[in-house]
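Each reported figure results from applying straightforward, stated rules to the coordinates on display, with no laboratory input. Computed from a predicted structure; not experimentally measured. With ideal geometry, Cβ positions are generated from the backbone for all residues, glycine too; neighbour counts draw on all protein chains shown.
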Amino acid sequence: GVTQLLRVTPSMLKEHNKKDDAWSAFGGKVYNITPYIPFHPGGEKELLRVAGRDGTKLFALTHAWVSVDMMLDSCLVGLLVPE
Ligand code: HEM
């Protein structure tokens, strides 16, 4: 379907830092990771470390071979932009 992407600033991202409302940015794209939390093979606690913030570096350190683009395509909410 048609997707309207939001322009998300770091402060907007920070508002979604709860387990029941978690957004995170990877490679400049912002995802609603909430529905994925129970399915993360690395556990909920690890994934929640990036809730509300840019997770690009931590993600690259843990599993650069995993494709967020493919896995969380349906959870894409927008693009990370400067404040
Ligand atoms: C494992 C996906 C974010 C830490 C995995 C695996 C996948 C995955 C598919 C299994 C990889 C494999 O076996 O080769 C994702 C996705 C993420 C995400 C889609 C973002 C939405 C993170 C973050 C961290 C993290 C931010 C760390 C802060 C780990 C760890 C494992 C793991 C430690 C290894 C678990 C184990 O093998 O025992 N993740 N991950 N992940 N993830 Fe993530």
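What's the number of the only condition in (1) exposed (fewer than 12 other Cβ atoms within 10 Å of the Cβ); (2) under 20 Å from Thr9 (Cα atoms); (3) of a type in the set (D, E, K, R) that Lys45 fails to meet?
Tallying (1) exposed (fewer than 12 other Cβ atoms within 10 Å of the Cβ); (2) under 20 Å from Thr9 (Cα atoms); (3) of a type in the set (D, E, K, R), Lys45 fails exactly one: (2).
Which of the numbered conditions does Trp65 fail, given that it passes all the others? Conditions: (1) part of a helix (DSSP H, G or I); (2) surrounded by fewer than 11 Cβ atoms within 10 Å (Cβ to Cβ).
Failing condition for Trp65: (1).
Give me the pairs, please: first residue somewhere in region 30-55 and assigned to a loop (DSSP other than H, G, I, E, B), second residue anywhere and basic (Lys, Arg), beta-carbon distance under 6 Å, and either six or more positions apart or on two chains.
The qualifying pairs are Gly52/Lys14.
If you check every pair at least six apart or on different chains, which have Cβ atoms under 6 Å apart with a residue in region 65-83 that is closer than 16 Å to Pro41 by Cβ first and a residue that is surrounded by 13 or more Cβ atoms within 10 Å (Cβ to Cβ) second?
Close Cβ pairs (under 6 Å, with a partner that is surrounded by 13 or more Cβ atoms within 10 Å (Cβ to Cβ)) amount to Val68/Phe26; Leu72/Tyr31.
Taking region 1-36 as the search range and keeping residues that are aliphatic (A, V, I, L, M) and under 11 Å from the mean Cα position of the chain (by Cα), which one is surrounded by the most Cβ atoms within 10 Å (Cβ to Cβ)?
Out of the qualifying residues, it is Val30.
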